[in-house]
Amino acid sequence: MQRQRVIIRTIGVATAVALAATACGPQKTEPAGSAAAVSSSPTAGSSPEASPSTDNKPGEASASPSASSSASASASASPSASASPSVKQLMANGDENEQVRELQARLRQLKLMSVAPTGFYGSKTTAAVKSFQSKNGLNGTGGVDEATWKKIQGASKKPTADELRPSTVNEVDAPDPRCMQGRVMCISKESRTLAWMIDGKVVSTMDVRFGSENTPTREGVFNVGWKAKEWTSTLYHTPMPYAMFFSGGQAVHFSADFAARGYNGASHGCVNVRDKGKLSALFDQVQVGDKVVVYW
């Protein structure tokens, strides 16, 4: 059946086709790694497990009972010899891995986070960890050392698969300052939401998902270059209804795969929306030239 493509754009057909050559489709699996794949997202790889840190306070290392000769030698030692080692962090701001996802699910159980787990350790996770630390007599660093992790594990239960990757609607993140003026699709990677905003006011919101580590969704400030109510990726041959292209072949579009599989999948760089009705209404409102902000 011949597919009718309706394209709303301000550029010529040849340019539109050239841009669409990088259009993305859903990824069934996330490949292990590609030499050509370069991630622009501020992620840190999976952090190695840190060894248990001591609870010694400064000076305690030389305070243990010993022979008089040893005590004398300790007394004459340089101050650095008695200083305790720095506390090693298991997880901290900027990390992205499955342990962070578990941390976020546990913090959600404790009512310290309202957004769904993303696996990325950002500002909301840092604030939630600080809150937990202050309530439990721990050093409020916002990072997770072994003492903090053990306390969180003791106060919560092992998350279920649904808790780690819920299909419920996500809470909208605080808008990036760059979203506060004009007509903007304000897209948060941390809360996995898109907020359609006009002059600083949220008009509508919807859940979104992004590309994998190997095919990341670009971050920054963009503009809608052209729109296509019906479009099919020329690279991946998958439908991209209600596509609004903002960075080369990357677009905001409806994804049937996202609607069916949720966050168990990923795009090839596009911003997938799973609520077709909401996106249809948004598509009618967004104009070519409107701003798009993608941020953590």
Meets criteria (out of contact with any strand residue (DSSP E or B) (no Cβ under 7 Å at 6 or more places or on another chain) and closer than 20 Å to ALA116 by Cβ) for ASN272: no
GLY200 on the phi > 0 side of the Ramachandran plot and surrounded by fewer than 22 Cβ atoms within 10 Å (Cβ to Cβ): yes
Residue list for region 105-114, filter: buried (at least 17 other Cβ atoms within 10 Å of the Cβ) and in contact (Cβ under 8 Å) with a residue 24 or more places away in the chain: ALA105, ARG106, LEU107, ARG108
Pairs, first in the same structural domain as ASP257 (by TED's automatic domain parsing) and closer than 25 Å to VAL293 by Cβ in region 232-246, second of a type in the set (D, E, K, R) and assigned to a strand (DSSP E or B), C-beta under 7 Å, six or more apart: ALA243/LYS227; MET244/LYS227
Check on SER188, over 18 Å from ALA259 (Cα atoms), surrounded by 13 or more Cβ atoms within 10 Å (Cβ to Cβ) and in the same structural domain as ALA105 (by TED's automatic domain parsing): no
Residue in region 254-261 that is at positive phi and out of contact with any helix residue (DSSP H, G or I) (no Cβ under 6 Å at 6 or more places or on another chain) present: no
Selected residue (only one of GLY220, GLY225 is closer than 20 Å to MET197 by Cα and surrounded by fewer than 16 Cβ atoms within 10 Å (Cβ to Cβ)): GLY220
Pairs, first outside the structural domain of LYS276 (by TED's automatic domain parsing) in region 200-223, second surrounded by 15 or more Cβ atoms within 10 Å (Cβ to Cβ) and modelled with pLDDT of 95 or more, C-beta under 8 Å, six or more apart: none
Residue within region 121-128 that is buried (at least 19 other Cβ atoms within 10 Å of the Cβ), modelled with pLDDT of 95 or more and among the aromatic types (Phe, Trp, Tyr) present: no
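The values are calculated or read from the model by the stated rules, or taken from the named source; none is laboratory data. Keep in mind the model is a prediction, meaning the values are calculated, not measured. Note: ideal-geometry Cβ built from the backbone for every residue, glycine included; neighbour counts use all protein chains shown.
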